[in-house]
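Take a look at the structure below.
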Amino acid sequence: MRTSTWWMLAGLMLSSAAQAACPPEGTDPASLQLLREQKFAVPDDVRAALVAGLPACLADPDPALRDGVAYEGLSTWLRAGQVDVAQRRALRDRLYAMLGQEDAAGFGPPFAALVLSEVARTDRIAPWMSAEERADMVARAAAYLASVRDYRGFDAVEGWRHGVAHGADWLLQLVLNEQVDRAQVDVLLQAVAEQVVPESAHAYVFGEPGRLARPVLYAAKRGLLDEAAWMRWFGALPPRLGVAEQAYADSAWLARRHDLMAFLMSIHLEADQSDDPHIRALKPMVVRTLKAVP
């Protein structure tokens, strides 16, 4: 990368005003694309400035900046262990704030959730959050997934939003974390159930049921829930379709049935093919639930 570009990036402002701008102060789309081409290899001080500045781009309407630079860059550095604990906390809290911000375009909260899945992954690999911080993240993740009402997925011009799938990715990293206990897993599973059969008349077409299946499968793999608990969880799904009089006579009911069937078939396929005894144990429960769907 050219020396002048290093100098521009190193001059990033870390003020709250600078953090709210995309591209961050001292950069432009061309320099950020060059950063991506260089596989996000930068000096430590430049990376620290970008970790503070790039979250603003997670809400940008340009998918090249939002997905290609902001998400990929933050994910790359987090997975490489190049973001220290203080920076992770600051990034996490900035992303929490983004979850609650008004965003008519609909990009910010889903991509904040997706990067939060990467932050959660770092704590899973090598715990650094306190028990209180982790419990807070579990509650926030569950609340976010359950609250999603913007079901826009992919657009050929605008790229991805995918709030349900990104929320499910965040839950997956928490479910996988051995520090997350049974009671917290129950909270996460309840949030999954909220979106497996959403109240709205929305039929998933962008792979959401498969993504929702992943935290369920890995919760099973941990062996925290016994057969009776899983029976109760799966058994509570068909009633979410609505009253019996709506069956096959209401578009919202049909959309919910579509989503539930897609989710159950995703679980069934994995349970049928898995070598893990805990995951395989889900198969008869899924079959029973499928038979309960009108």
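The values are calculated or read from the model by the stated rules, or taken from the named source; none is laboratory data. Quick caveat: nothing in here was measured; it's all calculated off a predicted structure. All Cβ positions, glycine included, derive from the backbone under ideal geometry; neighbour counts span all protein chains shown. When the accessible area is computed, the model is the full protein with side chains, heavy atoms only, and any ligands, DNA or RNA have been set aside. Shrake-Rupley method; radii C 1.70, N 1.55, O 1.52, S 1.80 Å.
Summed over the range 169-211, the residues that are of a type outside the set (Val, Ile, Thr) and outside any loop (DSSP other than H, G, I, E, B) give a count of 22.
Pick out the one residue from ALA113, ALA97 that is under 26 Å from LEU176 (Cβ atoms), in a helix (DSSP H, G or I), among the aliphatic types (A, V, I, L, M) and open to solvent by 40 Å² or more (accessible area, probe 1.4 Å). From the options ALA113, ALA97, the qualifying one is ALA97. Against the condition under 26 Å from ASP84 (Cβ atoms), surrounded by fewer than 23 Cβ atoms within 10 Å (Cβ to Cβ), more than 12 Å from the chain's Cα centre (by Cα) and not polar (S, T, N, Q), how does ALA131 come out, does it pass? Yes: the conditions hold for ALA131.
Any chance the range 216-232 includes a residue that's over 22 Å from PRO277 (Cβ atoms) and surrounded by 13 or more Cβ atoms within 10 Å (Cβ to Cβ)? So far as the range 216-232 goes, no, none of its residues is over 22 Å from PRO277 (Cβ atoms) and surrounded by 13 or more Cβ atoms within 10 Å (Cβ to Cβ). Residues that are without any contact (Cβ under 8 Å) to a residue 60 or more places away in the chain, over 19 Å from the mean Cα position of the chain (by Cα) and surrounded by fewer than 14 Cβ atoms within 10 Å (Cβ to Cβ) occur in the range 70-80; there is at least one. Selection of the range 148-157 for residues being open to solvent by 70 Å² or more (accessible area, probe 1.4 Å) and either in contact with a helix residue (DSSP H, G or I) (Cβ under 9 Å, 6 or more places away or on another chain) or touching a residue at least 24 places away in the same chain (Cβ under 8 Å) (or both) yields ARG149, ARG152, PHE154, VAL157. If the condition is being surrounded by fewer than 18 Cβ atoms within 10 Å (Cβ to Cβ) and either outside any helix (DSSP H, G or I) or of a type in the set (Lys, Arg) (or both), then the range 81-94 contributes GLY81, GLN82, ASP84, ARG89.
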